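Every number in this text was worked out from the coordinates using simple rules, so none of it is lab data. Computed from a predicted structure; not experimentally measured. Here Cβ is always computed from backbone atoms with ideal geometry, including for glycine, and neighbour counts include all displayed protein chains.
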Amino acid sequence: MIIENLTVRYGEKYILRNFDLKIDDGEFFVILGSSGSGKTTLLRSIAGLIPIEDGHIYIDTNDVTDLYPSDRNIAMVFQNFALYPHMSVYNNISLNLKIIHMPKDEIRKKVNEVANVLHITQHLNKYPKQLSGGEQQRVGIARAMVRNPSVFLMDEPLSNLDAKLRREMLGELRSFHEKVKKTIIYVCHDQDEAMALADRILVLNQGKIVQMGTPDELYDHPADIFVAGFIGNPPMNVLECEAERDVSGTRINVMNSGYLHIDDEIPEGEMYMGLRPEIIGLADRDGIPASFDYFINSGLDVEIHAKVGDVSIRAVIPKEEIPANLRELHNGEIMHLKVKPGAVYFYNKSSGLIVKEVEYGVSRKIKKAD
Amino acid sequence: MLRSEYRRRKSINVGENSKTYLIYVVSILLAIVYLVPFYWTVVKAFRDSIFANFPPNMNLFSQTSVAYFLANLKTVWGFGDFPLWYFNSVFISICVVAGSVFVGMLSGYAFARLKFPGRDYMFYAVLATLMIPFPVISIASYVFMLDLNWLSTYQGLILPQIASALDVFIMRQYFLTIPEEVELAAKIDGMKPWQIFFRVSAPMAKPAIAAATIFSFIGSWNNFLWPLMEVHSLNMFTLPLVLNFFKGANGTQIYWNQMMTVNILTMIPTIVIFVVFEKYFIRGISMNYTR
Ligand SMILES: Nc1ncnc2c1ncn2[C@@H]1O[C@H](COP(=O)(O)OP(=O)(O)OP(=O)(O)O)[C@@H](O)[C@H]1O
Ligand SMILES: [Mg+2]
């Protein structure tokens, strides 16, 4: 699927401008962005549901720009289900097949097939309002699946479900994709969902592509401070710092509370530093002093929140490193934090773009070994 | 401290309770005020005497008999062209309801969903006509019908009542509350806009259709002024005009029992319509689509 030079506006406001995108066949492609970033707009212009100002859309090498939505060989799942309330589940799912005059027994076979896959066989004769949210969404997905389209468009299909159901559906969507190997374009604003599902993620902000890549690429090399804060749970710590040239490498002044020495040379001056919570550890006495705030226990690790000055810092401490007396810490008590070896990201203060990504601590050891 | 908290709660409860009582008492009083005339209507239709006494005799069992009612019914039904007049009323109301609800649906949908220049201004213009009482434009309508040579015709009675701003308003407001996504889904399923309207949007708007049906039926069924101006020949009379006949030859003596019998006959269709559509009615006038 190819999008070329797509421009969409509402009134005077341009939502997408000269937008280009290429999505491979069979890819599970997730568009991730915060509210109002233009995700729905993008999806709806692919579906042909809103008029576009300029640009072309190709699906399977066909130019579908001027085709009616149903002629584009797509199926769509909507955020609020959008089932036909006055039709039974069976009719909801089979409507499209009826419209294209498929023989009745063939329709029945197909509907039963997808109902089976999605475990809604026992609901086929009910009406949407007799179903729970999760069941309704399954019907919505069934309605899309039954048509065998070349692209599935899904607009935050899980955002109306509770956490447990959402987890379940994540698994089912993924396994559905493994089975059919069809292109799925999936919109969401939840990074966990995106990481769990995607082959590739596009991070959208204000109608512009911020970064695009596999979940691992985005996690390991966030190209922009927006992505850095968005991908990863708990989110990355973003701290102000100042870089000064040093005898061998660079000395980083972290909020005037401590120094970090790195071997790489980076441009001097003020910038943002990104540290994943996982590479922040507890130190005995040296290290950066911080006042303890609270912690959240997940069983596998604890997420400690502490304050350096008024800046809140998250540290994820693996189980084996949790100090025995953690529960005795009082709010406000002084503790010491250190940076463990790992990736540290530096971002330009005004543009937010990456300046340099360095392996803190690791390269230094290798050098010593030389 | 606990005790004072308890007292405070209790006093709130007492306050709530007396409020509830008050609401009940007022509701019951209102219901009685509305029901008494109906009660008297029914009782009077079962009496022989044409006179109305003051204070009215409200005793259900004094001077009443089914035989009297049947006799009244027979007199009324045989009076003039009563069956034809009844038919006129029914026929005109059905046409007005069907027409105005249909027009209201189409234009309400257009005002809610379609995009065209000046849409909202046009809607406000339609809405503004609600503020104009019918008597103000009745003369103009009359002259219009006169020019068309439509006086004393069905079309002359029906057509002016079909343009109902109220129905347009009810339908538009309701369509606005239906999530647009359902219609988009229908587009993807391959329905053309015309089919989307009839097979998806309109069925979802049943409550609003019910409300519009009831309102326009009552409006047309009870309409007195327009038929009074429009109709110049006896065979086009409608029931509200017919009621007038029971004032007697020179209007000095009202035949109350017969008039009340006509009233009962007149009420039947209204009650039927209400019972049939009542299920949807409340949802319709609250103008809110709920799944
Ligand atoms: N029909 C419309 N008319 C005018 N502006 C609109 C319309 N629909 C969306 N917008 C605007 O376009 C922008 C992008 O909207 P869009 O629905 O694509 O965002 P989104 O990324 O899907 O957000 P969300 O996560 O909240 O669904 C928003 O600023 C929104 O206000
Ligand atoms: Mg959206």
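Some notes on this structure:
- Helix A:163-180 vs. chain A, principal-axis angle (Cα, 0 to 90°, nearest 10): 70
- On the beta carbon distance between A:Ser350 and A:Tyr58, with R0 = 41 Å, the FRET formula returns roughly 0.65.
- With the simple model of a label 7 Å out from the Cα in the direction of the Cβ, A:Glu321 to B:Ile139 spans 9.3 nm.
- Shape category assigned to chain B from the gyration tensor of Cα positions, a/c cut at 1.5: oblate
- Only helices enter the 222 nm calculation for chain A: every DSSP H run of n ≥ 4 contributes -39,500 (n - 2.57), and dividing by all residues gives -7500 deg cm²/dmol, rounded to 500.
- With respect to chain A, whose longest principal axis is taken over its alpha-carbon atoms, helix A:89-99 is tilted by about 60°.
- In a simple Cβ point-charge model (Lys, Arg +1; Asp, Glu -1; nothing else charged), the protein assembly as shown has a dipole of about 3220 debye relative to its Cα centre.
- For chain B, hydrophobic long helices are taken as DSSP H runs at least 30 Å long by C-alpha position along their axis with mean Kyte-Doolittle hydropathy of 0.0 or more; these are B:2-45, B:82-113, B:256-285.
- Charge dipole of the stretch B:80-285 about the Cα centre (unit charges at C-beta), most positive-ward option of B:Asn235, B:Phe82, B:Val200: B:Val200
- For A:Asp71 and A:Ile2, a Förster radius of 22 Å and the Cβ-Cβ distance give a FRET efficiency of 0.80, rounded to the nearest 0.05.
- Once backbone amide H atoms are built at 1.01 Å from N, A:Leu16 has A:Val8 as its partners under 5 Å, excluding neighbours fewer than 5 places away on the same chain.
- Average other protein chain Cβ within 10 Å of Cβ, residues B:190-200: 3
- Put simply, when A:207-219, A:325-337, A:21-33 are sorted by average Cβ atoms within 10 angstrom per residue, most first, you get A:21-33, A:207-219, A:325-337.
- Out-of-range pairs (alpha-carbon distance over 25 Å; input A:Lys22/A:Lys98; A:Lys110/A:Lys179; A:Lys22/B:Lys115; A:Lys110/A:Lys182): A:Lys22/A:Lys98; A:Lys22/B:Lys115
- Charge dipole of the stretch A:2-228 about the Cα centre (unit charges at C-beta), most positive-ward option of A:Val30, A:Ser175, A:Gly207: A:Ser175
- Nonlocal amide H pairs with A:Val64, under 5 Å, H built at 1.01 Å: A:Ile57, A:Tyr58, A:Ile59
- Spin-label proximity, A:Asp25 to the stretch A:171-194 - amide N less than 12 Å from point 7 Å beyond Cα toward beta carbon: A:182-183
- Estimated FRET transfer efficiency (A:Ser291, A:Lys208; beta-carbon r; R0 35 Å; 0.05): 0.35
- Against chain A, whose longest principal axis is taken from its Cα atoms, helix A:104-117 shows a tilt of about 20°.
- Helix-only [θ]222 nm of chain B, DSSP H runs n ≥ 4, -39500 (n - 2.57) each, per residue, nearest 500: -23000 deg cm²/dmol
- Taking the stretch A:145-184 and a reference point 7 angstrom along Cα→Cβ of A:Asp190, the backbone N atoms nearer than 14 Å belong to A:155-174.
- The distance linking the stretch B:139-202 with the stretch B:57-93 is 36 Å (Cα centroid to Cα centroid, whole angstrom).
- In summary, the lysines within cross-link reach of A:Lys104, defined as a Cα separation below 25 angstrom excluding same-chain residues under 8 places away, comprise A:Lys126, B:Lys187, B:Lys192.
- Packing, taken as the mean count of other beta carbons within 10 Å per residue, orders the peptides A:92-99, A:110-117 from highest to lowest as A:92-99, A:110-117.
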